[in-house]
Amino acid sequence: MTDFADQVAQLCLEKYMKLGKNGKPSEKEWTVLSGIVLKKSNGSLSLVALATGTKCLGEIDLINTELYEEGCRLSDSHAEVLARRAFLRYLYEQLDLSFGGAKSDVFVINNEKKIKLIDGISFHFFTSQTPCGDCSIFLKEEFSENDEPLTKIRKCDYTDKGQTIIGLNNDNEEKEIMKDIYRTGAKCVKFEKFQDAHLPGVNYHVIGPLRTKPGRGNPTLSLSCSDKMAKWNILGVQGSLLSILIPPIKMETIVVGGNSPFSLEAMERGLYKRFNEKAYNLNIVQSKLSFKQQKNYERKHPCPTSIIWCAVRNRNTEIAVEGRKQGATKKKKGRNLLVTRRAFFETFLRICDKYQNFKCDIRHPKKITYLDYKKWSKDYQNLWSVLKSKSFHAWPSKPIRLQTFVL
C-alpha cells in the first residue's frame with residue numbers, strides 16, 4: 001500500500017512542479033497541496049484535480065460581501081476543499097461528455113438512461129499534511145516499551161450523561177500533563193457540548209467535537225477539513241446538487257504526504273469513528289514523498305494565494321485570492337472562479353437544459369433558488385439528516401440567505 005501511496009503522491013507533486021510560478025509561495029511562505037487521482041480498471045493512474053491553499057474568510061467578510069451573496073465568492077480556500085471543488089468541475093465535464101455520446105473516463109449511461117460509474121474505477125485523495133481539525137490532534141512521539149502510548153488525550157463521551165473522560169495511563173498525573181500533543185488552530189464549534197480546556201500539555205485539546213477554521217482576524221463559519229472530509233467519506237464528495245444526476249462518489253484512499261506529523265488512529269477517529277460510522281473501503285496511509293513547500297522553520301508565513309487545477313479542456317488552471325479569482329474587482333464581476341456555487345449552479349442547469357431526455361422533472365430556474373435545487377436531492381438530504389441526528393454533533397450551517405440566489 002505504501003508503494004501505491006507514493007505513486008499517488010508523485011502524480012500530485014510532479015504536476016505541481018510543472019505549473020507556472022503564479023500562485024505559488026515565496027521562499028518564506030508555505031502552503032498545502034491536495035489532489036485527487038483516478039485509477040482505471042486496468043490499473044493506470046491519472047491526476048484529475050489539484051489545488052493549493054491555506055486561507056479562509058472570516059464570518060464578517062463572508063456576510064458583508066456582495067459577491068458571496070451571489071454565490072461568486074469562496075469562503076474556504078484550504079487545499080483539500082479546493083481540490084474537491086476542482087474535482088466537481090472535472091465531474092461536470094465528464095457528465096457532459098457522457099450525455100453527449102462521447103467517451104467518458106468516469107461515467108456510462110445504462111439502458112434506463114441513468115448515469116452509472118464505470119466498473120472498476122476508483123478515486124484516491126492526496127494531501128501534503130494531516131487535515132486541520134480532529135485528525136491533527138494526537139500525541140507527540142511518546143511511547144512505552146510495548147509501543148503503547150504513555151497517555152491519552154481528553155475525549156468526549158456523548159452517551160455518558162455528558163461527562164468528559166480523561167484517560168491517563170500513569171498514576172503520576174503531573175508528569176503526564178508535561179507531555180504534549182500536536183495542536184490545531186481550528187476551534188470547537190460553539191454549540192458543541194465539549195470545548196477545549198486549553199490546559200497545559202496533553203489536556204490542551206479535547207478530541208471529538210466539530211471545529212471551525214481560524215480566519216483573518218475574526219471567526220469563520222467554515223468547518224475544519226477533518227469535518228468536511230468526514231462528511232465526504234460518509235455522503236460522497238459529489239455533494240447534493242450533483243447527487244440529483246449521479247451516484248455517490250467516495251474516495252478509496254487518503255494519502256498524507258511524508259515529513260508531516262501523522263497518526264493513523266487520529267485519522268480514523270477524525271474521518272469516521274467519532275461519527276459511529278464504519279470505514280467502508282477507506283484506506284489511510286502516509287507516503288514517503290513530501291511536499292517541499294509545506295510549513296517548516298524556514299517557511300513561516302502561509303501563502304495568500306491558491307492554485308486550482310483540473311483535467312478539463314478549457315481554462316484548467318485558476319488562481320484565487322481571498323475567495324475571488326485573481327484580478328477580479330467589483331467592476332469586473334464577470335471574472336469569477338469556475339468552482340464557485342454560482343458557477344456549478346449554472347453548469348448544472350446548462351446540462352439539464354442541453355440533455356432534456358436525462359434531466360429530472362424540475363422547474364424553471366427563474367422560479368427556484370440554488371438552495372431549493374439542493375433540496376431536490378432527496379437521497380442525499382435524507383442521509384445527511386440521518387448523519388446529523390445520530391452523531392451527537394451540533395453541525396452548523398451558513399446563513400440561509402447566502403444560498404438563496406437565483407440566476
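The values are calculated or read from the model by the stated rules, or taken from the named source; none is laboratory data. Worth saying up front: this structure is predicted, and the values here are computed from it rather than measured. Every residue, glycine among them, receives a Cβ derived from its backbone with ideal geometry; neighbour counts consider all protein chains shown. Side chains included, ligands, DNA and RNA excluded: accessible areas come from the protein's heavy atoms. Shrake-Rupley method; radii C 1.70, N 1.55, O 1.52, S 1.80 Å.
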Options Lys292, Lys278, Lys273, Lys300; residue that is surrounded by fewer than 18 Cβ atoms within 10 Å (Cβ to Cβ) and under 18 Å from the mean Cα position of the chain (by Cα): Lys273
Give me the pairs: first residue in segment 295-312 and within 27 Å of Leu38 (Cα to Cα) and touching a residue at least 40 places away in the same chain (Cβ under 8 Å), second residue hydroxyl-bearing (Ser, Thr, Tyr) and part of a loop (DSSP other than H, G, I, E, B), beta-carbon distance under 9 Å, and six or more apart or on different chains, which are they? Thr305/Thr31; Ser306/Thr31; Ile307/Thr31
Matching entry among Ile137, Ile153 (being open to solvent by less than 60 Å² (accessible area, probe 1.4 Å), in contact with a helix residue (DSSP H, G or I) (Cβ under 8 Å, 6 or more places away or on another chain) and modelled with pLDDT under 75): Ile153
Could you please let me know if Asp353 is over 27 Å from the mean Cα position of the chain (by Cα), modelled with pLDDT of 75 or more and part of a helix (DSSP H, G or I)? yes
Out of (1) modelled with pLDDT under 85; (2) touching a helix residue (DSSP H, G or I) at 6+ places or on another chain (Cβ under 8 Å); (3) closer than 30 Å to Leu383 by Cβ, the odd one out for Gln238 is which? (1)
Do the conditions hold for Leu235, that is, is it farther than 13 Å from Cys132 by Cα, within 16 Å of the chain's Cα centre (by Cα) and among the aliphatic types (A, V, I, L, M)? yes
Check segment 90-98 and report whether any residue there is in contact with an Asp or Glu (Cβ under 7 Å, 6 or more places away or on another chain), part of a loop (DSSP other than H, G, I, E, B) and either closer than 30 Å to Ala197 by Cβ or modelled with pLDDT of 95 or more (or both). no
When both residues are 6+ apart or on different chains and their Cβ atoms are under 9 Å apart, which pairs have a first residue that lies in segment 395-406 and is among the basic types (Lys, Arg), and a second that is part of a loop (DSSP other than H, G, I, E, B) and surrounded by 12 or more Cβ atoms within 10 Å (Cβ to Cβ)? Lys398/Ser75; Lys398/Leu221; Lys398/Ser222
Just to check your reading of the model, which residue among Lys15, Lys21, Lys55, Lys113 is without any contact (Cβ under 8 Å) to a residue 60 or more places away in the chain and open to solvent by 50 Å² or more (accessible area, probe 1.4 Å)? Lys21
So which residues in segment 303-323 are touching a Ser or Thr at 6+ places or on another chain (Cβ under 9 Å) and either among the small types (Gly, Ala, Ser) or open to solvent by 30 Å² or more (accessible area, probe 1.4 Å) (or both)? Pro304, Ser306, Ala311, Ala320, Val321, Glu322, Gly323
Which numbered condition Val37 misses (of (1) part of a strand (DSSP E or B); (2) farther than 15 Å from Arg324 by Cα; (3) open to solvent by 40 Å² or more (accessible area, probe 1.4 Å)): (3)
Any residue that is modelled with pLDDT of 95 or more and more than 17 Å from Cys132 (Cα to Cα) - is there at least one of those in segment 254-275? no
